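Visitor: The structure's right below; bear with me while I get my questions together.
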Amino acid sequence: MAAGASTTRRVLVAFDKFKGALTAREACDTAAGVLRRHRPDWEVDCAPLSDGGDGFCRILTDEAHGSFEPVLASGPLFHGAQPTRHVQAELGFVDVARLPLGARQRLRLHETAPARLAIVEMASVNGLSTISKEQRDVWCASSYGTGELLRVASQRGAQAVLLGVGGSATSDLGLGALCALGLRFETAAGVELRPPLPALWPRVARVRGEVASELLPLRIACDVHNPLLGPNGAASVYGPQKGLKAEDWPRFDREALRMAELVCGQLGLELALTEVPGSGAAGGIAFGLMAAAHARLVPGFPLVSDWLDLDARLARANCVLTGEGRFDASSWAGKGPGALVESASRLGRRCVVFAGSVATEPPAAECQVIAISPAALPLDAALVDTQRNLARAVESWLDGVDLRSGGVEVN
């Protein structure tokens, strides 16, 4: 090491969630706890990540030193006009002036210059995490609860809303949310279908009304580029994980097209909106909210990165620990740990990825990818032991770190 070089070792710990096992915050705390016990002289900076799904509201609101308000809203599954259960969720409220300049610019709210921004997390009420795998059923799942959260946010003093749509359990084009916000979906006999579940779409003859005029400027954090319909659309790509059977997809897509035509016809819009990249996000809620609520899509991970000031924190660190439940080819699609690895590599920072399972190679020599679960361990058992396995993997990595190499030193 050169004379006068700093021996301070600074580590950025920035994990996304391990789905079904650890939140992003819990994963960061687990890894950071190991570092602090075994390397008390190291500086550890924790930055939990989010892709717009579980943890989105909590992570962004905490970072901006905002406040939370509880809301009881409808869960994703409905039996007739009633949700099978209500879910206790929360809204985050932050002072826009507290956000880094990059985040404010990405939100593109300069036209209205709001002081108070509400953060809404779709996954908290209509997410896959709110129901069991056996309960998943796109035909009876609705985004109505998300619409309730948006309505409450506008009633509680926000001047704009940021919606994270990752991890949704629905594929209803956002029609449930639009129903909660004022649109009416009627049969030929004039009977209102509330909410308009996909199972009821064949009965919908017309759409009436409009979204409540007091709805605020709305931004949707989204890293998905899928259109609404077709082989690369919402139902085809994401429907199977939400309970849509392959043989049902053609019928589902035909009905989705008809509903999109009804909505666009009522609102005087061109059907080309269904082809906009990202309109298929979260089962098409991006399409519905762009159509009826003038929502704008914002690149999700770049927004989170700016919000957390990750570039500056990367520049201060010389080693990065990150990870998520599964690290595969999709991790390089410009979001989460994959994007962080690429940013770290450009800066020449050493980066270590810890994941429950690994199905991709690192892009650079500076990156190491470690599977924390034994290969033969069944998924259910691996999920139960995720926290312990992560801690052990970090400890094992530390044992192999050659401090003489300068790999975690700042020169």
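The values are calculated or read from the model by the stated rules, or taken from the named source; none is laboratory data. Given the structure is predicted, the values throughout are model-derived calculations rather than measurements. With ideal geometry, Cβ positions are generated from the backbone for all residues, glycine too; neighbour counts draw on all protein chains shown. All accessible areas refer to the heavy atoms of the entire protein, side chains included, with ligands and DNA or RNA removed. Shrake-Rupley method; radii C 1.70, N 1.55, O 1.52, S 1.80 Å.
Visitor: Reported to two decimal places, what Rg/Rh ratio describes the range 264-306 when computed on Cα atoms with Rh from the Kirkwood expression?
Guide: Details: Rg = 11.6 Å, Rh = 11.1 Å.
Over the Cα atoms of the range 264-306, Rg/Rh equals 1.04.
Visitor: Could you tell me what percent of the DSSP beta bridges with both partners in the chain are antiparallel, to the nearest 5?
Guide: Rounded to the nearest five, the antiparallel share is 40 percent.
Visitor: Can I ask one more? Between beta-carbons, use under 14 Å as the cut-off and find the net charge around residue 235, counting Lys and Arg +1, Asp and Glu -1. Provide the component values of the computation, followed by the final result.
Guide: Values: positive: 136, 242, 245, 251, 254, 258; negative: 137, 172, 247, 248, 253, 255.
Neighbour charge sum, excluding residue 235 itself: 0.
Visitor: What do the square roots of 5 times the Cα gyration tensor eigenvalues come to for the range 269-362, in whole Å, largest first, as semi-axes of the equivalent ellipsoid? Intermediate values should be presented prior to the final figure.
Guide: Working: eigenvalues 207, 54, 19 Å².
Each semi-axis is the square root of five times an eigenvalue, giving 32, 16, 10 Å.
Visitor: Need one number: the % of Cα-Cα pairs in the range 243-289 sitting beyond the 15 Å mark. Walk me through the numbers on the way to the answer.
Guide: Details: 508 of 1081 pairs.
So the pairs more than 15 Å apart make up 47 percent of the total in the range 243-289.
Visitor: Another question about this same structure. Mean residue ellipticity at 222 nm from the helices of the chain, using -39,500 (n - 2.57) per DSSP H segment of n ≥ 4 over the full residue count, to the nearest 500 deg cm²/dmol? Can you show the working numbers first?
Guide: On the way: 14 runs with 136 residues, N = 411.
Per the formula, -9500 deg cm²/dmol.
Visitor: Pick from 302, 250, 337 the residue whose mean-square fluctuation is largest in a GNM of the chain, springs joining Cα atoms under 10 Å.
Guide: Highest fluctuation among the options: 250.
Visitor: Related question: I'd like the accessible area for residue 248: 1.4 Å probe, protein heavy atoms, all chains in place, Å² to the nearest 10.
Guide: 30
Visitor: Hey, another quick one. On a C-alpha basis, how far is the centre of the range 208-259 from the centre of the range 17-70 in Å? Whole number, if you could?
Guide: The distance from the Cα centre of the range 208-259 to that of the range 17-70 comes to 31 Å.
Visitor: Give the dimensionless ratio obtained when the Cα radius of gyration of the range 226-314 is divided by 2.2 N^0.38 Å.
Guide: Working: Rg = 15.5 Å, N = 89, 2.2 N^0.38 = 12.1 Å.
The value comes to 1.28.
Visitor: Roll a 1.4 angstrom probe over the protein heavy atoms and tell me the percent of accessible area of the chain that is carbon or sulfur. Mind dumping the intermediate values first?
Guide: Numbers: 8550 of 17160 Å².
The C+S portion of the solvent-accessible surface of the chain is 50 percent.
Visitor: Cβ under 12 Å from residue 195's Cβ, residue 195 left aside: what net charge do those residues give with Lys, Arg +1 and Asp, Glu -1? Can you show the working numbers first?
Guide: On the way: positive: 184, 194; negative: 148, 172, 192.
Neighbourhood net charge equals -1.
Visitor: Find, among the GluC sites (Glu not before Pro) in the range 103-209, those assigned to loop by DSSP (not H, G, I, E, B) with at most 15 other beta-carbon atoms within 10 angstrom.
Guide: Working: sites: 111, 121, 134, 148, 186, 192; in loops: 111.
Here the GluC sites (Glu not before Pro) that fit, given the DSSP loop and packing criteria, are 111.
Visitor: Could you work out how far helix 249-267 tilts from the main Cα principal axis of the chain, as a 0 to 90 degree angle to the nearest 10?
Guide: Between helix and principal axis, roughly 70 degrees.
Visitor: If each Cα of the range 7-105 is one equal point scatterer, what is log10 of I(q)/I(0) from the Debye formula at q = 0.13, 0.16, 0.18 Å⁻¹?
Guide: -0.64, -0.87, -0.99
Visitor: Just to be sure I follow: if Rg is taken over the C-alpha atoms of the range 126-190 and Rh is the Kirkwood radius over the same atoms, what is Rg/Rh?
Guide: On the way: Rg = 13.5 Å, Rh = 13.1 Å.
Ratio of gyration radius to Kirkwood radius for the range 126-190: 1.03.
Visitor: Cβ under 15 Å from residue 138's Cβ, residue 138 left aside: what net charge do those residues give with Lys, Arg +1 and Asp, Glu -1? Write out the running numbers ahead of the final one.
Guide: On the way: positive: 133, 136, 242, 245, 251, 254; negative: 134, 137, 172, 247, 248, 253, 255.
Local charge sum for residue 138: -1.
Visitor: May I ask you to derive the relative contact order of the range 106-241, considering only C-alpha pairs under 8 Å and at least 6 residues apart, and to give it as an integer percent? Walk me through the numbers before you get to the answer.
Guide: Values: 235 pairs, mean separation 34.2, N = 136.
Value for the range 106-241: 25 percent.
Visitor: How high is the relative contact order of the chain, in percent, with contacts defined as C-alpha pairs under 8 Å that are six or more residues apart?
Guide: Working: 915 pairs, mean separation 77.9, N = 411.
Relative CO of the chain lands at 19 percent.
Visitor: Now, a different point. Roughly how compact is the range 61-179, stated as its Cα Rg over 2.2 N^0.38 Å to two decimals? Write out the running numbers ahead of the final one.
Guide: Working: Rg = 15.1 Å, N = 119, 2.2 N^0.38 = 13.5 Å.
It is 1.12.
Visitor: Explain nothing, just the number: relative contact order of the range 261-411, from Cα pairs under 8 Å at least 6 residues apart, as a whole percent.
Guide: 16
Visitor: What order, most packed first, do the peptides 179-185, 63-69 have when packing is the mean number of other Cβ atoms within 10 Å of each residue? Write down the numbers at each step before the final one.
Guide: Working: 179-185: 23.1, 63-69: 15.9.
Descending mean neighbour count gives 179-185, 63-69.
Visitor: Using only the alpha carbons of the chain, determine the length spanned along each of the three principal axes and report them from longest to shortest in whole angstroms.
Guide: Ordered largest first, the chain gives principal extents of 82, 50, 35 Å.
Visitor: In the structure shown, do any of 19/245; 133/245; 17/245; 19/242 have a Cα-Cα gap over 18 Å, and if so which?
Guide: Working: 19/245 23 Å; 133/245 14 Å; 17/245 27 Å; 19/242 15 Å.
In this structure, 19/245; 17/245 exceed 18 Å between Cα atoms.
Visitor: Could you state the accessible area per residue of the chain in Å², with a 1.4 Å probe and every protein chain left in place?
Guide: Numbers: 17160 Å² over 411 residues.
Here the residues of the chain average 42 Å² of exposed surface.
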